[in-house]
């Protein structure tokens with residue numbers, strides 16, 4: 001994870017939703033029924049979508065990253081065997097560090113926009129064909145090339161590099177997703193199926209959330225293992241854990257991803273991120289008591 005090794009993570013006083021992430025400056029209200037990092041509170045694991053009401057700004061909790069970071073470090077120091085600490089780290093990150101699934105999703109500003117761009121392009125590929133979709137972006141010269149070359153050529157369109165950490169996470173996640181395409185059986189853009197379209201989006205969303213979590217609470221801890229094999233195993237466990245949450249969110253959505261329109265793609269992407277964080281909170285709580 002290229003970004004995770006270059007960023008020390010946010011401080012405890014970092015705003016829950018940085019002003020540059022939301023153009024309108026609107027902060028999301030705290031979520032009801034959130035569970036704290038030490039397991040207090042109640043959660044049935046099902047994402048809630050209550051009415052959003054504007055609330056006054058709340059001063060940041062100066063300790064909100066401490067407990068999740070401690071649990072994440074314990075998981076890494078165990079060589080990946082302490083799954084309970086991983087569960088506490090992830091559930092605590094969503095509840096304590098981010099202020100709930102909705103806020104965690106809103107903090108993914110650039111990656112949500114990347115998700116919209118990606119799904120919009122893939123939708124055009126499925127309905128119009130790869131050459132036509134590329135031609136609309138003045139990138140027809142990429143048509144017929146290997147799929148990894150095509151998407152590397154699309155990086156600046158899908159996720160422009162603006163210099164912020166959030167934009168770096170979006171770009172890093174997209175590049176890692178490109179590397180996963182062939183292994184996932186996605187090799188021919190001209191023959192892209194709706195199922196492959198969903199897999200592509202699932203891979204990118206999982207990489208983005210994993211990178212965000214590791215940057216926020218594990219930027220230093222992930223470097224602890226001296227054994228490369230152990231470090232790789234730890235990263236794989238975190239990614240598999242996150243991807244499970246994303247896959248569940250997509251399944252629960254009940255949407256046919258290839259039938260999304262330009263008018264509802266962003267709403268769909270935003271909801272998948274929120275639901276994925278809510279599911280990860282629940283999965284983390286469950287893992288912590290197994």
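Any read-out appearing in this document is the output of simple, stated calculations on the displayed coordinates, not a laboratory observation. Worth saying up front: this structure is predicted, and the values here are computed from it rather than measured. All Cβ positions, glycine included, derive from the backbone under ideal geometry; neighbour counts span all protein chains shown.
Observations on the model:
- With a Förster radius of 30 Å applied to the C-beta separation of residue 164 and residue 66, the computed FRET efficiency comes to 0.80.
- C-alpha center-to-center spacing [region 82-104, region 115-191] in angstrom: 31 Å
- Residue-span extension gain [residue 74 to residue 145] - 0.36 nm each, minus C-alpha spacing: 21.1 nm
- Peptides 82-90, 172-180, 104-112 ordered by packing proxy, namely the average of other Cβ atoms within 10 Å per residue, highest first: 104-112, 82-90, 172-180.
- Exposure proxy ranking, count of Cβ atoms within 10 Å, fewest first, for 157, 93, 239, 273: 157, 239, 273, 93
- Taking a ≥ b ≥ c as the square roots of the eigenvalues of the Cα gyration tensor, an a/c ratio of 1.5 or more together with a/b larger than b/c marks region 91-157 as prolate.
- Net length gained if the chain between residue 184 and residue 82 were fully extended (0.36 nm per residue, minus Cα distance): 33.9 nm
- Where the Cα pairs of region 106-289 fall when distances are cut into 10 Å bins, in %: 9, 36, 36, 15, 3, 0
- With neighbour counts taken as other beta-carbon atoms within 10 Å, the residues 289, 155, 269 rank, fewest first, as 289, 155, 269.
- Pair residue 135, residue 256: separation of 7 Å Cα→Cβ label points (nm): 2.6 nm
- Per-residue extension of 0.36 nm, minus the Cα-Cα distance of residue 267 and residue 157, leaves a gain of 37.6 nm for this segment.
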